[in-house]
1. Picking from 557, 596, 582, which residue would you name as being open to solvent by less than 60 Å² (accessible area, probe 1.4 Å), at pLDDT below 80 and at negative phi?
2. Considering every residue within region 375-387, establish whether at least one is in a loop (DSSP other than H, G, I, E, B), of a type outside the set (Val, Ile, Thr) and crowded, with 19+ Cβ neighbours inside 10 Å.
3. Among the residues of region 83-95, are any part of a helix (DSSP H, G or I), more than 22 Å from the chain's Cα centre (by Cα) and at pLDDT 85 or above?
4. Does region 240-263 include one or more residues that are open to solvent by less than 40 Å² (accessible area, probe 1.4 Å) and free of Cβ contacts under 8 Å to residues at least 40 places away in the same chain?
5. Test residue 28 against the criterion of being of a type in the set (A, V, I, L, M) and either assigned to a loop (DSSP other than H, G, I, E, B) or modelled with pLDDT under 80 (or both), and give yes or no.
6. Given the conditions (1) of a type in the set (A, V, I, L, M); (2) more than 19 Å from residue 149 (Cα to Cα); (3) open to solvent by less than 10 Å² (accessible area, probe 1.4 Å); (4) within 19 Å of the chain's Cα centre (by Cα), and given that residue 448 satisfies all but one, which numbered condition is not satisfied?
7. Limited to region 413-445, what total is found for residues that are part of a helix (DSSP H, G or I) and either open to solvent by 40 Å² or more (accessible area, probe 1.4 Å) or under 14 Å from residue 558 (Cα atoms) (or both)?
8. Being out of contact with any His (no Cβ under 6 Å at 6 or more places or on another chain) and without any contact (Cβ under 8 Å) to a residue 60 or more places away in the chain, is that true of even one residue in region 455-464?
Amino acid sequence: MNDNPALAAALIVFIGATAQWFSWWLKLPAILLLLVAGLAIGPGLHLFSPDEMFGDLLFPFVSLGVAVILFEGSLTLRFSEIRGHGQIVTRLVTLGAGVTIIVAALGAWALGLLSFEVAFLFGALVSVTGPTVIIPILRSVGLTRNAANVLRWEGVIIDPLGALAAVVIFQFVAVDTADPGNFILIAEIFAAGVALGAGAGYAFGWLLRRHVMPDYLHNVIALALVLAVFVGANEIAHESGLLAVTIMGIFLANMRDVDVEDILDFKESLTILLTSILFVVLAARLPTDAFTANWTMVAALMGIILFIARPLSVLVSTVGTSMPWRERAILSWIAPRGIVAAAVSGLFAIQLNRAGVDGAQTLVALTFTVIVTTVLLQSLTARPLARLLGVADPEPRGLLIVGGNPVAHAIANSLKKLDFDVILSDTSWDETRKARMGGLRTYFGNIVSDDADRRLDLVGIGQLLALSRRAPLNTLACLRYAREFGSGSVFRIRLADQAENVAAIEGRLLFKEDTTLEALEDRLADGWQIKMTKLTEEYGFQKMLEQQGGEGIPLYAISRDNIVYPFAEDRTFKAGPGWQVANLVKPADDAATPEATAAERAKSHLQKETPPKLPD
């Protein structure tokens with residue numbers, strides 16, 4: 001591979017994309033397979049040497065790639081989210097992160113693995129979890145909602161905060177602080193990074209707010225500006241580029257009336273490509289002896305991080321709160337390290353080598369060891385531990401409903417009244433707002449977008465009902481979430497103009513053969529309502545249908561163990577005694593007309609007001 005740069009570049013992209021695909025298939029964090037692939041073709045089989053292949057171009061390539069990754073991560077940091085997700089999350093990303101940094105740094109220094117300054121840089125790197133590694137574990141574990149939400153939002157918020165902490169600490173490590181004159185240099189680095197980053201973020205946000213650029217250029221100009229700010233900051237003050245792009249992203253994310261979702265989607269797609277390439281390249285640079293040297297000390301450091309740093313961080317963050325000890329225990333165990341730690345450590349290693357700082361390669365090897373150890377160990381043990389502690393949700397009972405039409409609203413509200421967790425998603429803001437005002441959990445946007453993957457909280461959700469008026473959206477939603485929930489747990493509704501010869505993977509067809517979304521909407525407009533009927537030994541399912549005269553439409557059933565079973569064309573369950581059935585039924589005959597209803601009310605009123613006749 002080293003003799004053919006074009007072949008090597010193509011294979012790296014192919015290996016990275018394949019690793020991403022297999023990680024999705026196996027429901028494992030992608031970072032794990034990417035690192036394994038890089039180690040295999042690099043120090044394992046000696047097929048690829050990045051330094052020989054790229055030479056002097058390696059550092060600029062890695063630097064620009066990490067700059068884009070940090071900018072994308074910082075775009076997700078909204079200060080309102082730190083304040084809006086509870087005291088425990090706020091403490092975990094501030095006090096808890098500080099405890100992790102200090103304990104991990106002191107451990108690496110006391111064991112003689114790193115110098116004091118580099119050890120604190122290592123501590124900052126391993127304080128970051130990140131959503132790309134925590135969400136796959138949460139979905140496979142099925143924790144209780146409280147614990148899962150704390151872990152999820154910790155990962156989302158700590159990602160850019162940890163990166164910022166690592167960048168700040170790096171400035172002190174890269175510059176010799178023993179020389180008092182160098183403190184002026186550090187001040188220049190911070191001044192240049194903050195000023196240029198904030199200025200560029202404000203300027204770009206100003207342009208977006210006033211719509212002076214066409215929409216199709218937003219992403220391209222954003223990417224060009226990130227690269228320009230990174231390079232420009234480094235030219236003004238050496239090593240200030242990473243700080244500048246991080247500040248730029250944070251500033252842009254927190255500006256009012258600036259929509260960065262499209263930019264974030266584009267950057268996330270670009271980040272997937274860059275991380276696929278970077279992690280393979282960075283892992284391939286590591287020498288084999290970086291992992292085998294001082295393995296007893298490395299094992300001791302892993303023990304300190306797993307059994308001292310994280311539990312102490314959780315203890316400090318939850319003291320004085322009402323969180324049960326069982327949930328605190330599971331929080332103390334689940335903290336896999338992710339993308340920021342790997343990407344930034346690889347770049348810092350190159351920079352520290354250039355600056356003549358000892359321990360650069362050891363820093364990367366230790367960081368990668370923490371990543372692999374935490375991801376593997378916690379992925380394998382989190383579910384059994386959660387069951388042992390009693391904090392695992394036995395079965396996800398909630399439903400994700402796609403569509404904001406009256407049928408979707410009616411079904412969602414009927415399920416909510418029965419205390420089921422329901423999320424309603426639609427691309428119409430008015431319909432989404434109406435559902436939220438009705439007390440439903442909502443997601444505004446495209447349910448199959450990258451933003452949905454990033455922000456949609458699916459903890460406790462186990463089924464999909466695709467009830468949108470758009471057949472392609474229903475199909476895509478079923479395809480996307482069949483992997484998430486299982487092909488037997490995704491359902492779609494018929495539309496009047498939709499062909500029936502569709503593949504089974506596109507979702508199980510809901511309700512009766514002749515029941516379409518339009519037909520249900522017409523019935524709801526005519527005053528039909530969803531009524532719950534409880535089945536008994538004497539009053540079974542068939543008798544219920546007979547009493548309805550064949551006009552009622554069974555929508556879903558609830559079993560005795562409180563699980564929702566939507567009625568589908570290929571129904572695989574049998575509703576029996578103790579079950580409840582939700583039917584869409586027409587109003588009673590005596591309430592068919594307003595006149596009849598008014599007459600009945602008047603008759604009832606007279607009966608109440610007329611005193612009984614006394615006997616003679």
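1. After applying the criteria, what remains is 596.
2. For region 375-387, residues in a loop (DSSP other than H, G, I, E, B), of a type outside the set (Val, Ile, Thr) and crowded, with 19+ Cβ neighbours inside 10 Å: absent.
3. Our first condition is that a residue be part of a helix (DSSP H, G or I); within region 83-95, this holds for 83, 86-95.
From what is left, the residues that are more than 22 Å from the chain's Cα centre (by Cα) are 95.
Retained after the next criterion (residues that are at pLDDT 85 or above): 95.
Taking every residue of region 83-95 in turn, at least one turns out to be part of a helix (DSSP H, G or I), more than 22 Å from the chain's Cα centre (by Cα) and at pLDDT 85 or above.
4. Taking every residue of region 240-263 in turn, none turns out to be open to solvent by less than 40 Å² (accessible area, probe 1.4 Å) and free of Cβ contacts under 8 Å to residues at least 40 places away in the same chain.
5. Yes.
6. (3)
7. Number of matching residues: 12.
8. yes
The values are calculated or read from the model by the stated rules, or taken from the named source; none is laboratory data. Only a predicted model underlies this, so the values are computations on that prediction, with no experimental measurement involved. FYI the Cβ positions are ideal-geometry reconstructions off the backbone, even for glycines, and counts take in every protein chain you see. When the accessible area is computed, the model is the full protein with side chains, heavy atoms only, and any ligands, DNA or RNA have been set aside. Shrake-Rupley method; radii C 1.70, N 1.55, O 1.52, S 1.80 Å.
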